[in-house]
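Below: the structure, in structure tokens.
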Amino acid sequence: MHVVYPVVVSALLFSIGVYGVLARRNAILVLMSVELMLNAVNLNLVAFDVWLRDRLHGGQVLTLFVIVIAAAEVGLGLAIVLAVFRTRRTVDVDRLRALAEVVRAPDPGRPDGEGAS
Amino acid sequence: MTAVVALIVLLPFAAAVAGLLATRLGTRTERMAYRRAAWFAIAPGAASAALTVWLAVALAHGTGVSEGRFWSELLPGRVEGTLTVVETGSVPISLTLRADGLSVLAGILVVVVALAVQVYSVGYMRDEPRYPSYSAFVSLFTSAMLLVVYAGDLIVLYVGWEIMGLCSYLLIGHWWEDRANSRAAVKAFLVTRLGDVGFLFGIFVLGAAAGGFRIDDVLRADIPRGTLVAATLLLLAGVAGKSAQVPLQTWLPDAMAGPTPISALIHAATMVAAGIFVVARLYPAFLAAPPTLDVLGVVAAVGMLGAALAALAQDDLKRVLAYSTISQLAYMAAALAAGSDRAAMFHLVSHGAFKALLFLCAGLVIHHVGSNLISHMGGLRTALPVTFWTMTIGFAALAGLPPASGFFSKDAVISAIEHGTGPAQPFVYASALLTVGVTGAYAARAWLRTFFGPARIEPLPEPPPGVAHVFDGREAPPSMLWPAGVLAVPALLLGLAGPAAGVEVEWGPAAVSLAVALLGAGIVYALWRAAPEQDPARLLGPFRAPCERAFHVDAVYAALVVRPVLRLARGVVRADARVVDGAVRGSGRATLGLSGLVRLAQNGNAQLYVTGLLAGLVLIAVAAVVLT
Amino acid sequence: MSWLPIALVAVPLLGAVVSAVPAVRDRAVAWGIAVSGVVLVLAVALAAVFDHARPAGMQLQTDRPWIPGLGLRFHLGVDGVSLPLVVLTALLTFLCFVHLAGHPPAGGRPAALVVTLLVLEVGMIGTFLALDLLLFFVFFEVVLVPMYFVIALWGGAGRRAAAVKFILYTLLGSAVLLIGLLVVRTQAGTLDMVALAGRHGSGMARSAQILAFLAIGLGLAVKTPMWPLHTWLPDAHTEAPTVGSVLLAGVLLKMGSYGFARIAIPVLPEGAAALAPWLGAFAVAGIAYGSLACLAQRDLKRMIAYSSVGHMGFVLLGFASLTPVGLNGALFANVAHGLITGLLFFLAGAVKERYGTADMVRLGGGMLRRLPYIGSLLTFACVASLGLPGLAGFWGEMLALLGAFSPAAGLSRPLFLVFMAVGGLGTVLTAAYFLGMLSRVTHGRVVENVPAGPLEPPGPPVATAEGVREVLSEAGEGAEPVEPVATGAAVAALDREWAEQEIARASAVAADEGEAGATGAARAHGPGVADAAEVGRGRRPFGDVTVHELAAWLPLVALIVLFGLWPKALLAVTTPAVQSLLGSGVAP
């Protein structure tokens, strides 16, 4: 099989992942999109490893690394999302603007970011 | 010999320093301080006077290079000495003192009148506050005027010139409790300062052209005519300022707010004559620039007649004398314009004597009556006999009646004007003759209304500040009478010394001017006889009011110069706060605004940040691919 | 003897460090007097050891490598141009400490003030001694932080804003100055001022010279200050304490103009020739503008600040003429201005301490009756400042005007004649505002609006606040409860007249800085409220001169008279140095 096929699939998967990271509002979906991006990278690595006939199989080794890191990162990420949900009652990324620089008059009785999500 | 000249200048300066710093050291009472101040004032002044006489004798016996000036036969000697030369980087300044016939002539006038005034002031200012500082400033003034007279370098002359202006300011404002006196002093200083700016620029032109500021170098240098005309015109600005000529004459009448001895010394005999003296000193340069002399003649013609008419309409005795001074100085200027510095200097010395005499006598009258106004005076002939006779001599000299010195000196001036050439000469001559008549008129008016007619003395309980003393029954202390008497002598007899100085009387013009003067005096006498209580100035009719206001020149200057400048000043302050500083504050605001714009990117949305990251990454990748 | 310049810089630094020791901190002001006295002695020794026969050459030099990687050397030295300024700095700092001994600062913390002033002295003297471009820049910057603290901690009511404006504005100027210096470095390859001055600009392209002169000139112009970069000066001077104002006006302003004489003109002659007309134009604009602004001022210190803008205009005009006589005049005017304006600010500080205000309307009048010695000294200082011949201020102005009369070849003569004429008119305006101020403040009756009664013979002056309050209450007018100054009726009438301008200015200031606090509000309601709040700070009993004040002022008076009557004392030292700095490149 020519290397084009898995590389194109990988690129498509990566693009879908980028779209998900930049455009989805739900934090969990963002995390899933990040997973998608990482797996696309994995596919790319394996495909090139086979095509280049690397004797040390650097691509496949790096794939294993990426799988582990992705798993750890998703675990941590989900833990953060759960903590945010517990305090803010929302995981809408658009609502989580506490790091913004624009000084807005604080709404009394409504912590930042709460409301209809 | 130069040391003598230096001493003449420095003795009054030392007197001033001692008077300012040392009068109250160790004295317990005010009287003691005053007495010490009087000694500080009079002793060095007398020593200076004695040294001046000695210098004059030495110069009379001296031999020197004849320069063909009018004093070269009488006082041929010359003394000059340089202390040091100051390298400025271009034109050097030499600290030089120089004494020749002209300086000694003016110098004698200065020291005699200064001494008379200092003695007079001891009586006049007896119960006045701040007499020690007053006499110290008079000494400082004397020193400055002597520096002008004996300066051998233009910058040294300028230093003395300006210090005179400062002393004039300090002394006019002597009774500063009344803000009007303070304002008059400021006005005097500013008007003369304006003229002095032009004077300094004229000095620059001469010094740069001659390569040095020494007067000798300047007079000997070969300077192109255009440069000379420019330089002398600029110098005229300073002369007009200091000698109260049109258009800078408005300060002199207001300067009468100062004590009367000051008016006698500064604003009659010496400082105002300094301008005439400078022109005489640099006369070869002026002679080589005829356009300047024409301008001087026109200015003098306008000034002499205008001031004489104004004098006729004044009610304040001192203001009459002030306008009279402007008019007489214009005579001297006209003589210079006509080409005769001899006549101008003769009139300067004689005018110095009789005008100082008139002011001192006016002081005696004011001291007695308690008011400056002529309408408060009358019938003082019996109450003030000495004053009456001396003031009569003064008025006679002013009007130009023989045998007083004014007759001879005025004749010399009128003859010089008659012989003068130049496009403006007829105008100047006509103006001079008319002025003779008006002078006779106002002199007669002042004389008659002060000393004759019904007595109108009401002893005022509290004279306003600016007028010394109250009615105390006797004429005056001797310290005030003696100086007046001493000055009456040259006022009467100086004219007879004229022929010895080479000034001959031309009987034709003399007769004409005498007739005109008597005509003016006669008209006033007739009007006065008809109605002794009324003012003979009513002959001016509807012109009385403009004449009294000196043709509203003051108001014009206030509207054209003073108020716009003050408005401009307020505008500048507003512009500074709003525009210039506004730009500075605006830069701060702009920076804050810019940072606000940049902050818009920090809206807390993590996805926006990642988008930015991605965009940057893509750009870098594209750049890397394209550029390599 | 070449250790003298190093000692001049090291002694104040060590003195500042040692002031932190607790034993010294309790007698901080005495320690300050001692240290600055030592510095003054060293400076006088420097003047004595200086070879007055060769003032053109650099003497007592120290040249050690400092940062070899940058080519930076520790190069100190003194010649005819810097010697007077070094002695002036040492003298003014010493006199400030003497003044401080009798008049403790209003904000307290005298020990901190002593440290600050000593560090300031290091920077000031170092600037005049440095002979390496970046070393000059380092010392130039060192003075900014102490002066910021002096204004911000010990200043008047609006001190925060004034201090921030001062430091940000001058820092911006310094940044531009640094760019210029670095351009010189890259083009000429060296940082050594002596070598650069000796080359007279050969080896640097004309466009590079113009660029460098523009940058260096702008940076120095902020410090000088040159119109229109002057607006930090009035606020800084008005809000600074007395010693701060004296050092700011007396020395810091000289650092800017010294930079022109030492760096900008000798090192970049073609740049100078190209930009001299602009320099002259801005200089005379400053003269005229400063004088006009003074005519309409109400606050005494602010008026003196604007007069500094005018005087430095004469200095810059002298520089712009690019002739030896013009530079001579500029350097003379520098020293004279340092002495005279230092004295003026001392006097203004004395007036403010006694009356509680520097506002001329509230001061009323009659100071010559109330405080005869201070009034006379104020008259003397004003007369000296307006440039009367016979006192130091005249020679600088005259020589600068003479320089403008015949500027260097290659400069437009008619243009410079116009500059000269405007400068001359500026002297008339200067006389107008100073004499007007004297008339308002020192002349007139002591208490206005007292009903006219029989003239009393001049009795002993009313010396205490209580005495004047008694007089006021007898008169039955609306007496001001706190200050023994002009009665409320007179002040209120004039306050209304000026309120509009004050509100406009205050609202502009308050809006920009967002300070809705006491200062802004008080200013909008008129000066009374803010003044009353500040009145408690640093008032002293209402007496005439004290011993400390006389000790601080008399040396200045003596030097003003000395240099006025004997200008050769200064000109003999500067003329050869100036001629060598200008070299043969620019003909006189």
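The values are calculated or read from the model by the stated rules, or taken from the named source; none is laboratory data. The structure presented is a predicted model; accordingly, all values stated were derived computationally and were not measured. With ideal geometry, Cβ positions are generated from the backbone for all residues, glycine too; neighbour counts draw on all protein chains shown. Accessible surface is based on the protein model in full, side chains and every heavy atom, while ligands, DNA and RNA are left aside. Shrake-Rupley method; radii C 1.70, N 1.55, O 1.52, S 1.80 Å.
For residues in region B:415-435 being β-branched (Val, Ile, Thr) and touching a helix residue (DSSP H, G or I) at 6+ places or on another chain (Cβ under 7 Å), which is surrounded by the most Cβ atoms within 10 Å (Cβ to Cβ)?
Restricting attention to region B:415-435, the residues satisfying the condition of being β-branched (Val, Ile, Thr) are B:417, B:421, B:428, B:435.
Restricting the remaining residues to those that are touching a helix residue (DSSP H, G or I) at 6+ places or on another chain (Cβ under 7 Å) gives B:417, B:428, B:435.
Numbers: B:Ile417: 27, B:Val428: 28, B:Thr435: 30.
Filtering region B:415-435 for residues that are β-branched (Val, Ile, Thr) and touching a helix residue (DSSP H, G or I) at 6+ places or on another chain (Cβ under 7 Å), the one surrounded by the most Cβ atoms within 10 Å (Cβ to Cβ) comes out as B:Thr435.
So is B:Val156 at the interface with another protein chain (Cβ under 10 Å from one of its Cβ atoms), closer than 28 Å to B:Ser48 by Cβ and surrounded by 24 or more Cβ atoms within 10 Å (Cβ to Cβ) or not? Working first, answer last.
On the way: at the interface with another protein chain (Cβ under 10 Å from one of its Cβ atoms): yes; closer than 28 Å to B:Ser48 by Cβ: yes; surrounded by 24 or more Cβ atoms within 10 Å (Cβ to Cβ): yes.
Criteria met by B:Val156.
I'd like the full set of residues that are of a type in the set (A, V, I, L, M) and either farther than 20 Å from C:Phe314 by Cα or without any contact (Cβ under 8 Å) to a residue 24 or more places away in the chain (or both), limited to region C:215-245.
So the first thing to find is which residues in region C:215-245 are of a type in the set (A, V, I, L, M), and the list is C:215-216, C:218, C:220-222, C:226, C:229, C:233, C:236, C:240, C:243.
C:Ala215, C:Ala236, C:Ala240, C:Val243, listed by residue number.
Which helices (runs of 4 or more DSSP H) sit wholly inside region C:1-52 and have at least 2 residues that are within 24 Å of the chain's Cα centre (by Cα)? First the steps, then the outcome.
Working: elements: C:3-18, C:22-25, C:28-49.
Correct list: C:3-18, C:28-49.
Take C:Leu253 and decide whether it is open to solvent by 40 Å² or more (accessible area, probe 1.4 Å), more than 14 Å from chain B (Cβ to nearest Cβ) and of a type in the set (A, V, I, L, M, F, W, C).
On the way: open to solvent by 40 Å² or more (accessible area, probe 1.4 Å): no; more than 14 Å from chain B (Cβ to nearest Cβ): yes; of a type in the set (A, V, I, L, M, F, W, C): yes.
In short, no.
Residues that are over 14 Å from the mean Cα position of the chain (by Cα), on the phi > 0 side of the Ramachandran plot and of a type in the set (Gly, Ala, Ser): does region B:308-319 have at least one?
Of the residues in region B:308-319, the ones over 14 Å from the mean Cα position of the chain (by Cα) are B:308-319.
Pick out the ones that are also on the phi > 0 side of the Ramachandran plot and you get none.
No, that holds for no residue.
When B:Ala521 is evaluated against the numbered criteria (1) farther than 30 Å from C:Arg298 by Cβ; (2) outside the structural domain of B:Asp316 (by TED's automatic domain parsing); (3) open to solvent by less than 50 Å² (accessible area, probe 1.4 Å); (4) in contact with a helix residue (DSSP H, G or I) (Cβ under 7 Å, 6 or more places away or on another chain), which criterion, by number, is the only one it fails?
Condition (2) is where B:Ala521 drops out.
Please tell me if B:Leu568 is within 14 Å of chain A (Cβ to nearest Cβ), in a helix (DSSP H, G or I) and at pLDDT 85 or above. I'd like the intermediate steps shown before the answer.
Values: within 14 Å of chain A (Cβ to nearest Cβ): no; in a helix (DSSP H, G or I): yes; at pLDDT 85 or above: yes.
In short, no.
Name the single residue that is nearest to the other protein chains (Cβ to nearest Cβ) among those in region C:363-373 being part of a helix (DSSP H, G or I) and buried (at least 22 other Cβ atoms within 10 Å of the Cβ). Spell out how you get there, then give the answer.
Of all residues in region C:363-373, those part of a helix (DSSP H, G or I) come to C:363, C:367-370, C:372-373.
When the remaining residues are screened for being buried (at least 22 other Cβ atoms within 10 Å of the Cβ), the result is C:363, C:367-368, C:370.
Details: C:Leu363: 14, C:Met367: 10, C:Leu368: 7, C:Arg370: 12 Å.
Filtering region C:363-373 for residues that are part of a helix (DSSP H, G or I) and buried (at least 22 other Cβ atoms within 10 Å of the Cβ), the one nearest to the other protein chains (Cβ to nearest Cβ) comes out as C:Leu368.
Looking at region A:10-66, which of its residues are more than 25 Å from A:Arg97 (Cα to Cα), hydroxyl-bearing (Ser, Thr, Tyr) and within 12 Å of another protein chain (Cβ to nearest Cβ)?
A:Ser15
Restricting to region B:302-323, what's the tally of residues that are assigned to a helix (DSSP H, G or I) and more than 15 Å from B:Ala264 (Cα to Cα)?
Filtering region B:302-323 down to residues assigned to a helix (DSSP H, G or I) leaves B:302-313, B:317-323.
With the extra rule that they be more than 15 Å from B:Ala264 (Cα to Cα), the set shrinks to B:302-313.
Looking only at that region, the number is 12.
How about region B:525-550: which of its residues are open to solvent by 80 Å² or more (accessible area, probe 1.4 Å), among the aromatic types (Phe, Trp, Tyr) and either modelled with pLDDT of 85 or more or farther than 30 Å from B:Val320 by Cβ (or both)?
B:Tyr525
Kindly check whether there is at least one residue in region B:596-606 that is open to solvent by 50 Å² or more (accessible area, probe 1.4 Å), in contact with a Leu (Cβ under 7 Å, 6 or more places away or on another chain) and part of a helix (DSSP H, G or I). Step through it out loud before you land on a result.
Within region B:596-606, the subset open to solvent by 50 Å² or more (accessible area, probe 1.4 Å) is B:597-602, B:606.
Cutting the leftovers down to in contact with a Leu (Cβ under 7 Å, 6 or more places away or on another chain) gives us none.
No.
With the structure loaded, tell me whether B:Asp196 is of a type outside the set (Ser, Thr, Tyr) and either more than 10 Å from chain C (Cβ to nearest Cβ) or surrounded by fewer than 21 Cβ atoms within 10 Å (Cβ to Cβ) (or both) or whether it fails that test.
Judged against the criteria, B:Asp196 is not a match.
Would it be correct to say that B:Tyr557 is surrounded by 11 or more Cβ atoms within 10 Å (Cβ to Cβ), aromatic (Phe, Trp, Tyr), within 14 Å of chain A (Cβ to nearest Cβ) and not in a loop (DSSP other than H, G, I, E, B)?
No.
For region C:386-424, which positions are at the interface with chain B (Cβ under 7 Å from one of its Cβ atoms), surrounded by fewer than 24 Cβ atoms within 10 Å (Cβ to Cβ) and in a helix (DSSP H, G or I)?
Within region C:386-424, just C:Gly424 meets the criteria.
For residues that are among the β-branched types (Val, Ile, Thr) and in a helix (DSSP H, G or I), scanning just region C:317-350, find the one that is surrounded by the fewest Cβ atoms within 10 Å (Cβ to Cβ).
Residues of region C:317-350 among the β-branched types (Val, Ile, Thr): C:323, C:325, C:335, C:340-341.
With in a helix (DSSP H, G or I) added as a condition, the list becomes C:325, C:335, C:340-341.
Numbers: C:Val325: 28, C:Val335: 22, C:Ile340: 32, C:Thr341: 28.
Here the residue is C:Val335.
Out of all the residues in region C:99-110, is one or more closer than 26 Å to C:Val545 by Cα, part of a helix (DSSP H, G or I) and within 19 Å of the chain's Cα centre (by Cα)? It would help to see each step written out before you state the result.
Our first condition is that a residue be closer than 26 Å to C:Val545 by Cα; within region C:99-110, this holds for C:99-110.
Keeping just the survivors that are part of a helix (DSSP H, G or I) gives C:99-102, C:110.
So of that shortlist, the ones also within 19 Å of the chain's Cα centre (by Cα) come out as C:99-100.
Checked against the condition, which is being closer than 26 Å to C:Val545 by Cα, part of a helix (DSSP H, G or I) and within 19 Å of the chain's Cα centre (by Cα), region C:99-110 yields at least one hit.
Within region B:539-552, is even one residue within 21 Å of B:Phe451 (Cα to Cα), more than 11 Å from every other protein chain (Cβ to nearest Cβ) and part of a helix (DSSP H, G or I)? Break it down stepwise before answering.
In the first step, residues of region B:539-552 are kept if they are within 21 Å of B:Phe451 (Cα to Cα); the result is B:539.
Now drop any that are not more than 11 Å from every other protein chain (Cβ to nearest Cβ), which leaves B:539.
Restricting the remaining residues to those that are part of a helix (DSSP H, G or I) gives B:539.
The answer is yes; a qualifying residue exists.
Can you report the number of residues in region C:269-318 which are more than 13 Å from chain B (Cβ to nearest Cβ) and free of Cβ contacts under 8 Å to residues at least 40 places away in the same chain?
Residues flagged as more than 13 Å from chain B (Cβ to nearest Cβ) and free of Cβ contacts under 8 Å to residues at least 40 places away in the same chain within region C:269-318 amount to 1.
So, of the residues in region C:189-198 that are touching a residue at least 60 places away in the same chain (Cβ under 8 Å) and in a helix (DSSP H, G or I), which turns out to be nearest to the chain's Cα centre (by Cα)? Lay out the reasoning, then the answer.
Filtering region C:189-198 down to residues touching a residue at least 60 places away in the same chain (Cβ under 8 Å) leaves C:190-194, C:196-197.
Keeping just the survivors that are in a helix (DSSP H, G or I) gives C:193-194, C:196-197.
On the way: C:Met193: 26, C:Val194: 27, C:Leu196: 29, C:Ala197: 27 Å.
Checked region C:189-198; the qualifying residue nearest to the chain's Cα centre (by Cα) is C:Met193.
Okay, residues lined up against (1) assigned to a helix (DSSP H, G or I); (2) open to solvent by less than 10 Å² (accessible area, probe 1.4 Å); (3) more than 14 Å from chain C (Cβ to nearest Cβ):
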site	(1), (2), (3)
B:Leu25	no, no, yes
B:Arg28	no, no, yes
B:Ala46	yes, no, yes
B:Gly77	no, yes, yes
B:Leu95	no, no, no
B:Ile108	yes, no, yes
B:Leu115	yes, no, yes
B:Gly123	yes, yes, yes
